[in-house]
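Working notes, beginning with the structure itself.
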Amino acid sequence: FTAAAHLIEKTVVRALLHHRHQVDWVCERIGPDDFRDRRYRHIFGALGRLGRDATIEGLARELDPVSQEELERLLAERGGLEDLAGVLRDSVAQLQARPIKVRLREIDREYALTQRSEEKDSLTREKQDLQAELQALGVAPWKSFRSS
């Protein structure tokens, strides 16, 4: 779990706390299971359950003490959300890209181990499809491997 991945999760939750009118849009694209940090997963889950009209008190009641502390910290941070649409779009795309990137790494390992050309062809097609998904999300494409 990298610092960049942590920052993406924090950014999504923080943006939603300050601009709850975006909760529905984001919840249609990602869910609590897309968060690795337990605190952000809990806060995001509570936002999704309670919706855009949730009060801070209502959110806090849904959370454990550690997540409540993080909620307070996120609410105290005000700056950096001027381009909210761009921040949410980019951060949500990064979260959506995670499982795709995991599968791409698996394909690289499988490709290196397989001897059969049909399997290599199948893996190459799957990788191309996944790279197209990343491109559609606006996430940098994965480096390709050579089919030799």
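The values are calculated or read from the model by the stated rules, or taken from the named source; none is laboratory data. Please read these numbers as outputs of a predicted model, since none were measured by experiment. Cβ coordinates were reconstructed from backbone atoms using ideal geometry, including for glycine residues, and neighbour counts include every protein chain displayed. When the accessible area is computed, the model is the full protein with side chains, heavy atoms only, and any ligands, DNA or RNA have been set aside. Shrake-Rupley method; radii C 1.70, N 1.55, O 1.52, S 1.80 Å.
Numerical summary
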item: Between region 69-137 and region 12-39, the Cα center-to-center distance that results, in Å; result: 17 Å
item: Per residue, in Å², the accessible surface of the chain once ligands and nucleic acids are set aside, probe 1.4 Å; result: 59 Å²
item: Sum of side-chain charges, GLU106 neighbourhood, beta-carbon under 12 Å (Lys, Arg +1; Asp, Glu -1); result: +2
item: With all protein chains modelled, accessible area of SER117 [1.4 Å, Å²]; result: 70 Å²
item: Low-density loop positions, GluC sites (Glu not before Pro), region 37-136 - DSSP coil, at most 11 other Cβ in 10 Å; result: GLU82
item: For region 97-138, size of Cβ-based charge dipole, Lys and Arg +1, Asp and Glu -1, in debye; result: 200 debye
item: Accessible surface of LEU59 - all protein chains present, 1.4 Å probe, nearest 10 Å²; result: 0 Å²
item: Two-site label geometry, GLU126 and THR55: point separation in nm, points 7 Å out along Cα→Cβ; result: 5.1 nm
item: Exposure ranking of ASP64, ASP129, ASP37, ASP24 by accessible area [1.4 Å probe, largest first]; result: ASP129, ASP24, ASP64, ASP37
item: Accessible surface of the chain [probe 1.4 Å, protein heavy atoms]: carbon and sulfur percent; result: 49 percent
item: Calculated on alpha-carbon atoms, Rg and Dmax of region 1-92 in Å; result: 11.8, 32
item: Accessible area of ARG105 in the full protein assembly, 1.4 Å probe (Å², nearest 10); result: 100 Å²
